[in-house]
Amino acid sequence: MLFTKERSTAPLAGLILLVGTCSLRAIVFFDTGDPGHNRESAPSGLHEGSGWQYQGEYKEFLGTVISPRHFITAVHLGKGAETFVQRSWFTGEENDQVYFINPNFNEGNGALDIPETDLRVFEVYGEFPGYAKLYTTPDEVGREVVMMGRGRSRGGEVRRFGQTRGWLWAEEDQRARWGRNTIDGFSDAGGRGPMLITDFDDVRGRDECQATHGDSGGAVFIRQGEDWRLAGILFGADTLYDSNATCGDGSEFLASFFNGAGFYVGRDDSSCESWTLVSAANDLDESRTYASRISASAPAIRAVIQSAIDDQAKTPYQRFEEWLAGFGISGGQAPGGDAESDGLADELEYFTALNPASPEDLGGPFEVHGEEATVRFRVRIRLDARERGLSWEIQAAADPEIGDFQKVHSLREIGQNLSLSEGIRSVEYELDLPDRDRMFYRLEVNLAGEESLQNRE
């Protein structure tokens, strides 16, 4: 089924305040106006595992994890955020997980846009614990979907001839919710590539929903076999309605209709020719949601994310050797190797995201400074150290010749600086001055599966 009728479709990123609506709290449901319905809680039963666990917050919107290092969202949301946050109510973990977005991705562009679509892929430092599979078959029509958003809920009723026909949009609260619908067809709405369409039916008892402003970037999932797969990214929805076709009278409003017959849909612009009478005959009576179609762009998306998926299957040492190769250094380096003879083992430079092919004067990965009553340390750590199999600790010994180094306890973190362009954080610690004339400290770094390496100070 193909829908081609021109409608007042608008991206969902905008913020429009409605005068006179009740202040409820994202997705509009047919069943209920309860602001707590399906809010910040995972789908259960037959819809358990339907993609909620792969959602995260990008700016004031949502994105979906699609590889160990990538998430996808909507182009029209723009750039500018430094983090992607997976809240505990998405993952089920005790704490939120914050991932820093890599500004160097795609040759410094910071993101990669799928051509002629509203789909944008970002890369993060670190690795996600799981990711959504892509829906790749062109058979979406008629299939049930679970969709997620972070926009608005239901406001006041819109009535005509004494009957409720739909609801105004309430104020935006940026609380994540999920709902259900069915794919009704395809469209190129908005001129941003192939779109999936759902409409807002008067179906009770099934969490029937429509997206609103603020839901942009949210996911649409379809079940395929035992898996729920990412089928769409929310783009837009039917928006402006009016009780008349009068130009410039200020009577237009935002709403979701399950039966908008007798109202007008369009945009109150200077042409005064944009309003179309809604009826079942022109198939405009039910409000629609539009989502960028993943299946149409799956090959292009896979080309972006495949390297991250392949990396996950490699050992830490294989990834280390590939990192060396990126600087023109052949593999097979012995633990503790120093390619440019600057006194720092290559693994230490790997840990700190320094260049192993040329000497650097950046203070090294580990600095120690004695103060009047404290000892201060600075450690340079790449942001994805843990995921690359790297671990570390500060150690101390009274006599380095004996070599009896032990982990330093009671360290207090006193500061941290991020450099996303370098992919590192510099962490400062302090320790009460030991009751000894002399103490030696070192940073020990371990690459999983390899012997430990030290940088002594």
So for R0 = 25 Å, FRET eff. of residue 143-residue 243 from the Cβ-Cβ r, to 0.05, ends up at 0.10
Give me the one-decimal nm value for the distance between modelled label points at residue 416 and residue 323, 7 Å along each residue's Cα-to-Cβ direction.
1.9
Could you pull the Rg and Dmax for segment 173-279, using just the Cα atoms, both in Å?
15.9, 53
From the phi angles alone, apply the Karplus equation (6.51, -1.76, 1.60; θ = phi - 60°) to segment 48-54 and give each ³J(HN,Hα) in whole Hz, x where the residue is Gly or Pro.
5, x, 8, x, 4, 5, 9
Does a label point 7 Å from the Cα of residue 251, set along Cα-to-beta-carbon, have any residues of segment 262-294 with amide nitrogen under 12 Å, and which are they?
263-264
Cα pair count fraction exceeding 43 Å, expressed as % - the chain
30
Which percent, to the nearest 5, of DSSP beta bridges fully inside the chain are antiparallel?
95
Hey, what do the phi angles of segment 428-445 turn into as Karplus ³J(HN,Hα) couplings, whole Hz, using 6.51/-1.76/1.60 and θ = phi - 60°, x for Gly and Pro?
10, 10, 9, 9, 4, 4, x, 7, 9, 5, 9, 8, 10, 10, 8, 9, 9, 10
Taking a spot 7 Å from the Cα of residue 438 along the direction of its beta carbon, which residues of segment 356-399 have an amide N less than 14 Å from it?
397-399
Each residue of segment 138-150 in order: what ³J(HN,Hα) in whole Hz does its phi give by Karplus 6.51 cos²θ - 1.76 cosθ + 1.60, θ = phi - 60°, with x for Gly and Pro?
x, 10, 5, 4, x, 8, 6, 10, 10, 10, 10, x, 9
Please compute the Cα-Cα pair-distance distribution of segment 86-171 with 5 Å bins starting at 0, giving whole percents from short to long.
3, 9, 10, 14, 15, 15, 14, 9, 6, 4, 2, 1
Reach of residue 407 by Cα under 12 Å, taken over aspartates and glutamates that are not fewer than 8 positions away in the same chain:
393, 444
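None of the figures in this text is laboratory data; all of them are computed from the coordinates on show. These numbers come from a predicted model, not from an experiment. Cβ coordinates were reconstructed from backbone atoms using ideal geometry, including for glycine residues, and neighbour counts include every protein chain displayed.
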